[in-house]
Structure formats: structure tokens, C-alpha cells
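These notes concern the structure reproduced below.
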Amino acid sequence: MLGVGAYRTRNLPTRSELLPLPIGEMTWTLTDHRGRSVRPADWAGRPVMVFFGFTWCPDVCPTTLSDISLWLEELGADADRMIVALISVDPERDTPDVLADYVSNFDQRILGLTGSADEVAQAAADFRATYRRVAKDAGDYTMDHTAGVFLFHPDGRFASIIDFHEDRRFAVPKIRRTLS
Amino acid sequence: MKHFLLAAALILSAPAVMACETVTIGDLTIEHAWSKATIGAGRPGVFYVEITNAGSVDDALIGIATPAAGMPMLHETVVQDGIASMPHAMSIPVPAGQNVQLSPGGYHGMLMGLTTALKEGDSFPVTLSFEKAGEVTVNVDVLSLRAEGPDCADAGQ
Ligand SMILES: [Cu+2]
């Protein structure tokens, strides 16, 4: 046990390093599914909900986007000012056009964001999200990625994460706390 | 009245008549087989199903086959330290007297190499191979990419 503890202290970042930066301190630039450039400053004064994923993902990503769509419907117009974005961890395949096709299946308020490999890496670093390419047979690949949904207050402060396996009934109250 | 409204809502929201087929093999009951529509044939499809083992002998799902995909596999979505991955599942236990679900966020069939895009309202057969019970084929309903499960009359029971 002692050995494990020592290993953790040496190799894992501390808790505060794992928390996303406030939106205002982030430095990424991404492109949305309509081809427009988006920067953190564009989100100033708005509550924010962000999820990392990719459109080739058949299970976790559509499930999360279905859940987010249901939450947005339950919140109704209260969530209209909220920025809700899927950031692709697979920019090689997820072009803005591909993302447009994909997000059209879900609540219309959800934005798809992508960019160059470096731009996506910067966004993930700012959110303290991680992703990793995993090779499959015949040159195919999939992506492991952070599955939680990040919530931010309108002033850009990080609010909370909705974990993938968390009871989904707690999600809407968590989101509501960022809307006022 | 409430029941009537619910039934009416289901009829209105149902895009197509779903088979919601139930098949049995030995002590196993296989039901609520469904999939999600895909954008094109390049992306993998997914397969979900519910298996009940009413017998007294443990069994296991060891593979799936379908004409809809060149490389169907069993996967398990695992979230560890907040990171989701989908390792290959060599077999999915179906213990005696228990109900096992391949469902969003857990075990699923991963349909790689789709022969054609899966469209909402379509259905396709999947053959499940069990270690002890052998093989059985079920028809799978394709729901929307947004669907969270089939609206079968008995769903949730
Ligand atoms: Cu999978």
C-alpha cells in the first residue's frame, strides 16, 4: 500500500492540476461545425457545457449526446444562453462537415468543434481532458477519451463534471446551478 | 386515460413498427435487440440486446455474426479514471438465473465493416453464439442515432 501511495505522489498530478482552467484563461482556437472560428473569449458571460468525443464512436458519444439533448429539453429556454459543445478528439476524420452531419441528430443547441491536431491538443490541455489513439485491425483506429461532461459558470469558473456513469437524474440540477 | 395517452404517444413517436422480437434457445431468452442508425457505412454500428438465463447452468455469449457487417465483435465500454475505452470482450458471462444487458455505456456488439449504412426503421439479423446453448438468430431494429432503447410494449418490465 505504501509503495502504491509513493508511486502516485511521484507520478500523478495533484488534484488542482486536474481541474479545468477557467474559460477566460484558456488559449485554444477551434472551428465549429458551420466552419466559424471559435475562441474562449466568445463564450464570456455564458454558462458552458463541454464534452470530448468523436463521431466514429458508436456507444459512449451518441449516448452522452442523447443524454445532453434530453437535459436541454428538460431545461427548455432556460438553457438557450448556454454554450453546449462537443469537442472532437479525432480531428483527422471529424471535419466541420462531418460534425455538422453528426450534431444534426441531436439538440440543435449542441455545437461540434474541431481543429488541427495541435488545436485540439491545446483545447484538451486547457480542459485537462485526455485522449489517446488506439490502433485496430487493418489500419483502423478508435480513441480513448475523457468521458465526463464539463460545466462552467457564466463567469468562466469551472463548476463541476457530470461523470459518465453518474446517476443521470443529478445532471439537470448540476446544470441549473450554472445557469443563474 | 393516462394509459390511453401513453399508448397514443408511443404510436405517434414510433417511426416504424418494431419487431421487438423475442427468441429462445434452451433456457436462454433473447429480446430487445436494437441498433442505432449510422452516418454512412464507414463508421461502426452498434448492437444491443437483453439475454435472460432461466436455467441452472452458467452460459456465456462468445461471439456474434451478421450479414450487415464484415467484422462484428463484442466490446465493453469501460470508464476508468474518467477515461472511456472499449476493449474487446472475449466472452460476456450469462450466469444461471440472471439477466444480462448489452446496453449503452456497457457491453455492446461493435459492428465494424458495415456493408451498408444502417437506416432508422431497417432491421437486420444477428446470430449470437453461446458457449453452451449454441447459436440463435434475432432480428435487430435500427433506431435513431439519438435513441436510448426500443419502445417495445413490454419494455421496462
Ligand atoms: Cu465498441
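The values are calculated or read from the model by the stated rules, or taken from the named source; none is laboratory data. Every value quoted in this text rests on a predicted model; they were computed, and no experiment measured them. Cβ sites come from the backbone with ideal geometry, for glycine too, and all protein chains shown count toward neighbours. Just the protein is used for accessible areas: all its heavy atoms, side chains included, with ligands, DNA and RNA removed. Shrake-Rupley method; radii C 1.70, N 1.55, O 1.52, S 1.80 Å.
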May I ask you to find the residues of segment A:75-112 that are shielded by at least 50 Å² of accessible area once the whole protein assembly is considered instead of their isolated chain (probe 1.4 Å)?
A:ASN105
What does a probe at B:THR24 reach in segment B:52-78, counting residues whose amide N is under 11 Å from the point 7 Å along Cα→Cβ?
B:54-55
Selected from B:ALA60, A:HIS153, B:MET90, residue furthest toward positive end of dipole (the protein assembly as shown; charges at beta carbon)
A:HIS153
Accessible-area loss of at least 50 Å² in the complex relative to the chain alone (1.4 Å probe) applies, within segment A:36-64, to A:TRP56, A:PRO58, A:ASP59
About its Cα centre, how strong a charge dipole does the protein assembly as shown have in debye, to the nearest 20, once Lys and Arg get +1 and Asp and Glu get -1 at the Cβ?
1020 debye
Heavy-atom accessible surface of chain A: percent carbon and sulfur, 1.4 Å
53 percent
Considering only chain A, what is the antiparallel percent among its DSSP beta bridges, to the nearest 5?
65 percent
Using only protein heavy atoms and a 1.4 Å probe, how much accessible area in total is buried between A and B, to the nearest 100 Å²?
2300 Å²
Modelled label-to-label distance, A:GLU25 and A:HIS165, 7 Å Cα→beta-carbon offset: nm?
3.1 nm
Output row, site A:ARG34, 7 Å Cα→C-beta label point, backbone N cut-off 13 Å, window segment A:76-113, residues A:100, A:108-112
Stokes-Einstein D (µm²/s) once Rh is taken as the Kirkwood radius of chain A over alpha-carbon pairs, at 10 °C in 1.306 mPa s:
94 µm²/s
Residue-ordered couplings for segment A:34-49, obtained by feeding phi - 60° into the Karplus form 6.51 cos²θ - 1.76 cosθ + 1.60 and rounding to whole Hz (Gly and Pro as x), are 9, x, 8, 6, 10, 10, x, 4, 5, 9, 4, x, 10, x, 10, 10
Please find, in a Gaussian network model of chain A (springs between Cα atoms separated by less than 10 Å), the residue of A:PRO47, A:PRO58, A:PRO96 whose mean-square fluctuation is greatest.
A:PRO58
Just report the Cα centroid separation between segment B:33-56 and segment B:116-139, whole Å.
8 Å
Rounded to the nearest 20 debye, what is the charge dipole size of segment A:29-180 about its Cα centre when +1 sits on each Lys and Arg Cβ and -1 on each Asp and Glu Cβ?
520 debye
Heavy-atom accessible area per residue of segment A:71-180, all protein chains kept, 1.4 Å probe, expressed in Å², is 45 Å²
Non-local residues with an amide H under 5 Å from the amide H of B:GLY55, with H modelled 1.01 Å from N and Pro and chain starts lacking one, are B:GLY97
Report, to the nearest whole %, how much of the accessible area of segment B:25-141 belongs to carbon and sulfur atoms, 1.4 Å probe, protein only.
50 percent
Over segment A:95-143, relative contact order from alpha-carbon pairs under 8 Å, at least 6 apart, %
22 percent
Nitroxide proxy distance, nm - points 7 Å out along Cα→Cβ at A:LEU18 and B:VAL79
1.4 nm
Going 7 Å from the Cα of B:MET71 in the Cα-to-Cβ direction, what parts of segment B:105-147 have a backbone nitrogen less than 19 Å from that spot?
B:108-118
A:ASP118 accessible area, 1.4 Å probe, all protein chains in place, Å² to nearest 10
120 Å²
Quick check: the distance between the Cα centres of segment A:128-180 and segment B:61-80, to the nearest angstrom?
25 Å
Just need the relative contact order of chain A here, percent rounded to a whole number, with Cα pairs under 8 Å and 6+ apart.
30 percent
Dimensions (Å) - the protein assembly as shown, Cα atoms, principal axes, largest first
61, 59, 37
